[in-house]
Amino acid sequence: MDRDLLSHLPIIICVARHRSFAAAATELGMSPSAVSHAVRSVEDRLGTPLFARTTRSVSLTEAGTRFIAGVEPALVDIGKAIEGLSAERGKVTGLLRIDAPSAAVFDMAMMPILTRLARQHPRLTVEVRTGQFSVDIVAQGFDAGIRIRRAIQQDMITTRLRGSFKTILVASRDYLDARGTPNSIADLHQHNCIGLRWVVSGAIFDWELIDGKKPITFKTSGTALVTDVTEAGVGIAYIHEPLARGYIREGSLKWLLPQTAVEHDGLFLYYPRRASLAPKLRAFIDVAKKTLKSLE
């Protein structure tokens, strides 16, 4: 076994997952030049290029695709074996990678869990990547993801992270004093409704509202394309109620058209069935369940 080659394999896997030397370097805590050197070293020893590089993109060659398919499962199994032995000694270690839809949702679901997790398992590192779109968590190398239930594939296992909540419309008192308060969904067309653009497709996200007892979608046409409670001063924002609760309580924001709010049955951690066998994910799930119970 070529020990130098073996030590560079995690770097090769990381570059293949991100299709980027810079992104791999950030994840691994290395410089891009060190990552590039490691890749070249492996390619030289194998006698074939694993990646096709241009100034704008990195992709796997045919040989690289075959190589990754062969070595990645083995590295995953080695990592699980090491984590399993550590767990038997009562120490949960390793890196747990979780994908969440946004930093706001992460704050809403994860902060109480991570606080308790750090106390119970100080050698476990949790990395959370936030983005405004769903990803294939298996293909992207994540151990788990966080979503509302209806956005999760049916073949995934789920664990509740927090209870039900509503997505609501809010605006600042100053905005309402200047523009008036809408009394119906139809009135929203006369207001600056803050929108959200999906990162991948570029499409504008439609608000989901309740009109009477019927769910509808409302197309926004405001001057801002962000969804954040801090932006409620420039228009009407669409936001998860727990994130706005403190602002509403202190009076800086007002909850508009409460009868239109859509209720979700909670936020859920989701993961493939076999991933639940990993000690690091079992430890996270156990802490998540205890945290949720303590908050009920």
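The values are calculated or read from the model by the stated rules, or taken from the named source; none is laboratory data. None of these values were measured; they are calculated from a predicted model. Glycine also receives a Cβ, built like all others from the backbone with ideal geometry; neighbour counts cover every protein chain displayed. Just the protein is used for accessible areas: all its heavy atoms, side chains included, with ligands, DNA and RNA removed. Shrake-Rupley method; radii C 1.70, N 1.55, O 1.52, S 1.80 Å.
Residues are listed down the side, and each one gets a yes or a no for (1) closer than 22 Å to A109 by Cα; (2) among the aliphatic types (A, V, I, L, M); (3) modelled with pLDDT of 90 or more:
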position: N192; (1), (2), (3): no, no, yes
position: L196; (1), (2), (3): yes, yes, no
position: A203; (1), (2), (3): no, yes, no
position: S221; (1), (2), (3): no, no, no
position: G233; (1), (2), (3): no, no, no
position: I239; (1), (2), (3): yes, yes, no
position: R249; (1), (2), (3): yes, no, yes
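Which of the residues spanning the range 42-64 are modelled with pLDDT of 90 or more, in a loop (DSSP other than H, G, I, E, B) and not polar (S, T, N, Q)? Scanning the range 42-64 gives G47, P49, L50. Among residues belonging to the range 166-182 that are assigned to a strand (DSSP E or B) and not basic (K, R), point out the one that is farthest from G251 (Cα to Cα). Filtering the range 166-182 for residues that are assigned to a strand (DSSP E or B) and not basic (K, R), the one farthest from G251 (Cα to Cα) comes out as T167. Selection of first residues in the range 88-108 that are at pLDDT below 85 and of second residues that are assigned to a strand (DSSP E or B) and of a type in the set (G, A, S), restricted to Cβ pairs under 9 Å at least 6 apart or on distinct chains, gives the following pairs, ordered by first then second residue: P101/G145; F106/A100.
Exactly one residue among I137, I157 is under 13 Å from L281 (Cβ atoms) and modelled with pLDDT under 90, and that residue is I137. Cβ-Cβ contacts under 6 Å between residues 6 or more apart (or on different chains), taken from a first residue in the range 49-61 that is under 16 Å from A22 (Cα atoms) to a second residue that is open to solvent by less than 60 Å² (accessible area, probe 1.4 Å) and hydroxyl-bearing (S, T, Y), are listed as A52/S59; A52/T61; V58/S20. For A16, indicate whether it is of a type in the set (A, V, I, L, M), over 26 Å from A278 (Cβ atoms) and either in a helix (DSSP H, G or I) or free of Cβ contacts under 8 Å to residues at least 24 places away in the same chain (or both). Judged against the criteria, A16 is not a match.
Exactly one residue among R147, R123 is of a type in the set (D, E, K, R) and over 20 Å from L277 (Cα atoms), and that residue is R147.
Among the conditions (1) closer than 22 Å to L161 by Cα; (2) at pLDDT 80 or above, F67 misses just one, which is (1). The combined condition, being at positive phi and at pLDDT below 90, is fulfilled by G29.
Scanning the range 35-43 turns up one or more residues that are acidic (D, E), more than 28 Å from the chain's Cα centre (by Cα) and either under 23 Å from A74 (Cβ atoms) or open to solvent by less than 50 Å² (accessible area, probe 1.4 Å) (or both).
Across the range 133-171, the number of residues qualifying as among the small types (G, A, S), buried (at least 21 other Cβ atoms within 10 Å of the Cβ) and farther than 23 Å from K293 by Cβ comes to 1. Scanning the range 234-288 for residues that are among the polar types (S, T, N, Q), over 23 Å from T217 (Cα atoms) and open to solvent by less than 30 Å² (accessible area, probe 1.4 Å) yields no hits at all. Take the conditions within 30 Å of Q190 (Cβ to Cβ) and touching a residue at least 60 places away in the same chain (Cβ under 8 Å) and apply them to S172. Does it pass? Criteria met by S172.
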